[in-house]
Amino acid sequence: MLLLAVDTATPAVTVALHDGDSVVAEAGQVDARRHGELLLPTVDRVLAEAGLKLDAVTGVVVGVGPGPYTGLRVGLATAETFGLVLGVPVHGLCTLDGLAYAAGLAGITGPFAVATDARRKEVYWARYADARTRVSEPAVDRPADIAEQLADLPVVGSGALLYPGEFPDARGPEHQSAGALASLAAEKLAAGEAGAFLPPLPLYLRRPDAQVPKNYKVVTPK
């Protein structure tokens with residue numbers, strides 16, 4: 001098994017290779033505006049570090065969000081292209097699940113929540129019983145609107161760290177890790193949980209920022 005994992009649903013452009021036992025190589029960069037520029041060079045860097053070629057990959061793992069429209073599509077489109085070219089399956093996972101799994105690796109146990117920056121003074125978030133078990137559907141809300149629900153919980157991720165007043169027990173890891181995402185996928189595959197994966201489709205939770213103006217005038221040929 002050799003899984004290539006990518007995630008561009010957050011400001012972190014992150015890529016990793018996992019051989020079924022451990023992460024072979026991982027690289028990433030935090031830049032919310034350059035997902036398209038950074039992703040393929042990062043894939044190349046990870047493959048070079050591992051001393052492997054792309055055709056060695058037997059499966060692709062991709063974070064499906066939630067995340068902002070443009071950045072999220074970069075990772076999904078790239079993952080689907082790799083899957084088609086290589087003839088390998090593409091496994092979708094919720095980006096928040098990757099962060100939750102990373103939190104478990106960092107030693108966080110028991111109930112907690114994950115929150116990432118959704119911009120517009122909102123966060124994408126979900127609750128977890130443990131690092132592998134999500135107990136609520138991903139949602140997008142203003143921090144003040146969910147602060148009471150999460151008052152007794154540690155909250156992991158950049159969304160929590162941005163709003164310490166609403167999330168007083170905010171913790172790292174701050175950004176997504178493709179290594180954690182790949183490790184979660186490898187664990188699910190080893191356990192025969194292939195049906196637990198999501199289709200590689202974007203999880204937006206809200207409409208894109210760019211919209212057709214309300215008073216748009218349609219021009220028809222004479």
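The values are calculated or read from the model by the stated rules, or taken from the named source; none is laboratory data. All figures in this text were calculated on a predicted structure; none of them were measured in a lab. Using ideal geometry, Cβ is built from the backbone for each residue, glycine included, and neighbour counts are taken over all protein chains shown. Side chains included, ligands, DNA and RNA excluded: accessible areas come from the protein's heavy atoms. Shrake-Rupley method; radii C 1.70, N 1.55, O 1.52, S 1.80 Å.
Below are the figures for this structure:
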{"quantity": "Which listed residue is under 15 Å from L3 (Cβ atoms) and either in contact with a helix residue (DSSP H, G or I) (Cβ under 8 Å, 6 or more places away or on another chain) or of a type in the set (D, E, K, R) (or both), from L39, L54", "calculated": "L54"}
{"quantity": "Residue count for region 129-170, restricted to those that are open to solvent by less than 60 Å² (accessible area, probe 1.4 Å), free of Cβ contacts under 8 Å to residues at least 60 places away in the same chain and assigned to a helix (DSSP H, G or I)", "calculated": "4"}
{"quantity": "Long-range neighbours under 8 Å by Cβ, at least six apart or interchain, first residue more than 14 Å from G65 (Cβ to Cβ) and in contact (Cβ under 8 Å) with a residue 24 or more places away in the chain within region 81-97, second small (G, A, S) and open to solvent by less than 30 Å² (accessible area, probe 1.4 Å)", "calculated": "V88/G59; P89/G59; P89/G83; V90/G59; V90/A79; V90/G83; H91/G59; H91/A185"}
{"quantity": "Top-ranked residue of region 101-128 - restricted to ones that are free of Cβ contacts under 8 Å to residues at least 60 places away in the same chain and either aromatic (F, W, Y) or over 17 Å from L205 (Cβ atoms) (or both), ranked as surrounded by the most Cβ atoms within 10 Å (Cβ to Cβ)", "calculated": "W125"}
{"quantity": "Within region 81-128, tally of residues that are in a strand (DSSP E or B), closer than 19 Å to S177 by Cα and over 16 Å from the mean Cα position of the chain (by Cα)", "calculated": "1"}
{"quantity": "Residues of region 37-48 satisfying the condition of being open to solvent by 60 Å² or more (accessible area, probe 1.4 Å) and within 17 Å of F82 (Cβ to Cβ)", "calculated": "L40, P41, D44, R45, A48"}
{"quantity": "Region 49-72, subset modelled with pLDDT under 95 and open to solvent by 50 Å² or more (accessible area, probe 1.4 Å), residue farthest from A196 (Cα to Cα)", "calculated": "T70"}
{"quantity": "Some residue of region 23-44 being among the acidic types (D, E), in a strand (DSSP E or B) and either in contact with a Cys (Cβ under 7 Å, 6 or more places away or on another chain) or farther than 25 Å from R119 by Cβ (or both)", "calculated": "yes"}
